[in-house]
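Below you'll find the structure, written out as structure tokens, and then a few comments.
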Amino acid sequence: MSITPLAAVPSVHRAAPVFRGRIGQDARSGHYAVPHRYRLHLSTACPDGLRLAVGHSLLGLDGSCPVTVLPAVPDCPGGGHSALRPLYEASAHHYTGPALAPVLSDDWSGRIVSTQARDILRDLDRFFPREDRPALYPCGQESVIEAVERMCAEGIEEAAQRAGRAGADPAERAAALDVLLDTLGRLESRLAAEAYLVDDRITAADIELWVTLVQLDTVHRCHLDAAAVHRIAGHRALWAYARRLAAHLAFGRHLDLDGISRRHHGRCQGLEAAGAAVQILDWAGHVAGAEDASRR
């Protein structure tokens, strides 16, 4: 799969992460791979938490890396969770910032290993392998997966935010919508011919794109006009792909639509637009179908 950089979309500056530890191969790493040592703390209403929850299920790590599910809406100022405060205070002297999720913690030390979702998923995939499942990051495909991550972050997430920004110059919003539609069009071309983005099977690239499409339909759509949403919905292969993954239990079981809505309304200061009334997918229906199929 050939994916070119999105030079037209400037990256948004983000503050340096507080915790960026990595799981290593041996004791010298400080955090070496041992089953039952690590724990995930996440909210599936948060995009990064949803990515980790789906990846964790696909990797089959319920028995070796437990998950603590946090409330959809943070209960502390700055988007923090009170349940995570002891971990943050144990991990950083006189820590005063928000106790943000997601977190990978070390149950042996009671401290945080990492707060970086993509690093966490890569480490879980690399150091907790199982013979009965393929890797989420196939050897030789790392650069393609990273390109998909950039496309989702810049060409969909950031472009959709700019296209729906209240008070923005109409020309700026139109340009952002063009970037969004161009990105969706490139992905549409790929998925019209292939079932998945990389290696003809589910990988981390599919997790990334699926979570981004969930956000596009459940959050960003609410700030776009109806005409823009109809143009977005016109990428039939792309949304059929999203629908198919939603019916996969490892994806659909973690989709907390009510939580996503409450989290969005609790932190968003934008204005609702006509696109809010134009739902692209019946996410709840597809998830219910997957759950019914799993019980039969």
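Couple of notes before you dig in:
- Selection of segment 263-278 for residues being surrounded by 13 or more Cβ atoms within 10 Å (Cβ to Cβ) and at pLDDT below 80 yields only Gly270.
- Neighbours by Cβ (under 9 Å, 6+ apart or cross-chain): first from segment 195-210, without any contact (Cβ under 8 Å) to a residue 60 or more places away in the chain and within 19 Å of Ile120 (Cβ to Cβ); second open to solvent by 10 Å² or more (accessible area, probe 1.4 Å) and part of a loop (DSSP other than H, G, I, E, B): Asp206/Tyr196
- Scope segment 111-129; condition touching a helix residue (DSSP H, G or I) at 6+ places or on another chain (Cβ under 7 Å) and open to solvent by less than 30 Å² (accessible area, probe 1.4 Å); matching residues: Ile112, Ser114, Ala117, Ile120, Leu121, Leu124, Asp125, Phe128
- The residues listed here are Ala293, Ala284, Ala192; of these, the one that is open to solvent by 10 Å² or more (accessible area, probe 1.4 Å), over 24 Å from Arg122 (Cβ atoms) and at pLDDT 95 or above is Ala192.
- Residue list for segment 36-60, filter: closer than 15 Å to Val113 by Cα and either of a type in the set (Lys, Arg) or open to solvent by 40 Å² or more (accessible area, probe 1.4 Å) (or both): His36, Arg37, Arg39
- Leading residue by the ranking (least open to solvent (accessible area, probe 1.4 Å)) among those in segment 135-178 that are farther than 22 Å from Val214 by Cβ and within 20 Å of the chain's Cα centre (by Cα): Pro138
- Filter result for Val34 (more than 20 Å from Thr203 (Cβ to Cβ) and not aromatic (Phe, Trp, Tyr)): yes
- Hey, Ala205 at pLDDT 95 or above and either under 14 Å from the mean Cα position of the chain (by Cα) or open to solvent by 60 Å² or more (accessible area, probe 1.4 Å) (or both) or not: yes
- Helices (runs of 4 or more DSSP H) (entirely within segment 231-289) containing at least 3 residues that are of a type in the set (Gly, Ala, Ser): 236-246, 257-267
- Residue pairs meeting the criteria (Cβ under 6 Å; at least 6 apart or on separate chains; first closer than 16 Å to His230 by Cα, in segment 172-189; second assigned to a helix (DSSP H, G or I) and of a type in the set (Val, Ile, Thr)): Thr183/Ile156
- Single condition Ala83 does not satisfy, out of (1) outside any helix (DSSP H, G or I); (2) more than 18 Å from Arg20 (Cα to Cα); (3) of a type in the set (Gly, Ala, Ser): (1)
- Qualifying residue in segment 42-64 (condition: over 24 Å from Glu208 (Cβ atoms) and within 24 Å of the chain's Cα centre (by Cα)): yes
- Which numbered condition Ser11 misses (of (1) surrounded by fewer than 13 Cβ atoms within 10 Å (Cβ to Cβ); (2) at pLDDT 90 or above; (3) closer than 29 Å to Val219 by Cα): (2)
- Test result for Asp132, open to solvent by 70 Å² or more (accessible area, probe 1.4 Å) and either over 24 Å from Leu58 (Cβ atoms) or touching a residue at least 60 places away in the same chain (Cβ under 8 Å) (or both): yes
- Only a single item in (1) touching a strand residue (DSSP E or B) at 6+ places or on another chain (Cβ under 6 Å); (2) within 18 Å of Asp106 (Cα to Cα); (3) of a type outside the set (Gly, Ala, Ser) is not met by Pro74, and it is number (2).
- No other residue among Ile207, Ile156 is out of contact with any Ser or Thr (no Cβ under 8 Å at 6 or more places or on another chain) and within 23 Å of Trp283 (Cβ to Cβ) apart from Ile207.
The values are calculated or read from the model by the stated rules, or taken from the named source; none is laboratory data. Since we're looking at a predicted model, the values are computed, not measured. Please note: Cβ atoms are built from the backbone with ideal geometry, for glycine as well, and neighbour counts cover all protein chains shown. Ligands, DNA and RNA are excluded from the accessible area calculation, which covers all protein heavy atoms including side chains. Shrake-Rupley method; radii C 1.70, N 1.55, O 1.52, S 1.80 Å.
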